[in-house]
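> First the structure, which I've put down as structure tokens, then a few questions once you've had a look.
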Amino acid sequence: PGSRPRYFVHAATVGFNVRFAELATKSSIRRRYGRFTYAVAASRALREHEPFECELRYGDTVDRVTLAQLSIINAPVFGGALDLRVPGTRIDDRQLVVIALEQRSLWRLLLGIALTTAGRRHASGVHMLRLANLAVHVERPMDVALDGEITATLPADFDVAADALRVITPVDPDL
């Protein structure tokens with residue numbers, strides 16, 4: 001609020017994934033670990049991350065939660081190589097998928113993510129919402145990764161920017 005809008009195509013993330021992005025893009029880590037960079041970055045990010053308290057405001061609802069990760073996704077898939085899918089979503093549905101991961105053990109979070117991607121809206125510390133907009137309030141500014149690049153901060157408002165991206169495709173579907 002009060003600053004120029006920033007756009008993302010796929011996902012805005014706060015929490016664990018921001019630390020992962022910091023580590024995975026650090027040239028010294030990439031040189032040292034090569035093809036194992038992502039595994040090392042994920043391991044370190046899991047060990048080093050700290051949960052954060054925030055308010056999620058949507059419609060007439062205000063949820064106060066302590067999270068390890070917050071993802072605002074503008075696509076039916078997420079999780080990179082994990083290729084996780086959000087049931088019932090389409091790339092053109094003009095809805096944001098909000099996935100809020102509470103601070104839990106890794107195994108409970110993995111179970112919750114599996115149940116959520118199988119269609120449950122809330123499972124074992126994982127909350128999934130489909131919204132046109134979301135306001136996120138935090139007491140202290142926090143970095144936000146937009147499509148993997150740390151370029152924004154919380155607090156922030158997230159809205160669908162309808163028709164903001166023009167996609168050009170070939171006329172011949174065989175091209």
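The values are calculated or read from the model by the stated rules, or taken from the named source; none is laboratory data. For clarity, every value in this text was computed on a predicted model and none was experimentally measured. Glycine also receives a Cβ, built like all others from the backbone with ideal geometry; neighbour counts cover every protein chain displayed. Please note that ligands, DNA and RNA were not included when accessible areas were found on the heavy atoms of the full protein model with its side chains. Shrake-Rupley method; radii C 1.70, N 1.55, O 1.52, S 1.80 Å.
> Could you give every pair whose Cβ atoms fall below 7 Å, whose first residue belongs to segment 140-167 and is farther than 26 Å from Ala24 by Cβ, and whose second residue is open to solvent by 70 Å² or more (accessible area, probe 1.4 Å) and among the aromatic types (Phe, Trp, Tyr), counting only separations of at least 6 or pairs across chains?
Qualifying pairs under 7 Å: Ala161/Tyr7; Ala164/Tyr7.
One line per residue, one yes/no per condition, for (1) open to solvent by less than 40 Å² (accessible area, probe 1.4 Å); (2) closer than 20 Å to Tyr7 by Cα; (3) more than 14 Å from the chain's Cα centre (by Cα); (4) modelled with pLDDT of 90 or more:
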position	(1), (2), (3), (4)
Glu55	yes, no, yes, yes
Gly59	no, no, yes, yes
Phe78	yes, yes, no, no
Arg90	no, yes, yes, no
Trp107	no, no, yes, no
Val126	yes, no, no, no
Pro141	no, yes, yes, yes
Pro155	no, yes, yes, yes
Ala161	no, yes, yes, no
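> Within segment 4-15, which residues are open to solvent by 50 Å² or more (accessible area, probe 1.4 Å) and either within 12 Å of the chain's Cα centre (by Cα) or of a type in the set (A, V, I, L, M) (or both)?
First, the residues of segment 4-15 that are open to solvent by 50 Å² or more (accessible area, probe 1.4 Å): 4-7, 9-10.
Result: Val9, His10.
> Further question on the same structure: Assess whether Ser43 counts as being without any contact (Cβ under 8 Å) to a residue 40 or more places away in the chain, under 17 Å from Ala68 (Cα atoms) and open to solvent by less than 70 Å² (accessible area, probe 1.4 Å). Spell out how you get there, then give the answer.
Working: without any contact (Cβ under 8 Å) to a residue 40 or more places away in the chain: yes; under 17 Å from Ala68 (Cα atoms): yes; open to solvent by less than 70 Å² (accessible area, probe 1.4 Å): yes.
In short, yes.
> Quick check, is Ile113 of a type in the set (Val, Ile, Thr), in a loop (DSSP other than H, G, I, E, B) and modelled with pLDDT under 80? Explain how you work it out, then say what you get.
Working: of a type in the set (Val, Ile, Thr): yes; in a loop (DSSP other than H, G, I, E, B): no; modelled with pLDDT under 80: yes.
Spelling it out, it is not the case that Ile113 is of a type in the set (Val, Ile, Thr), in a loop (DSSP other than H, G, I, E, B) and modelled with pLDDT under 80.
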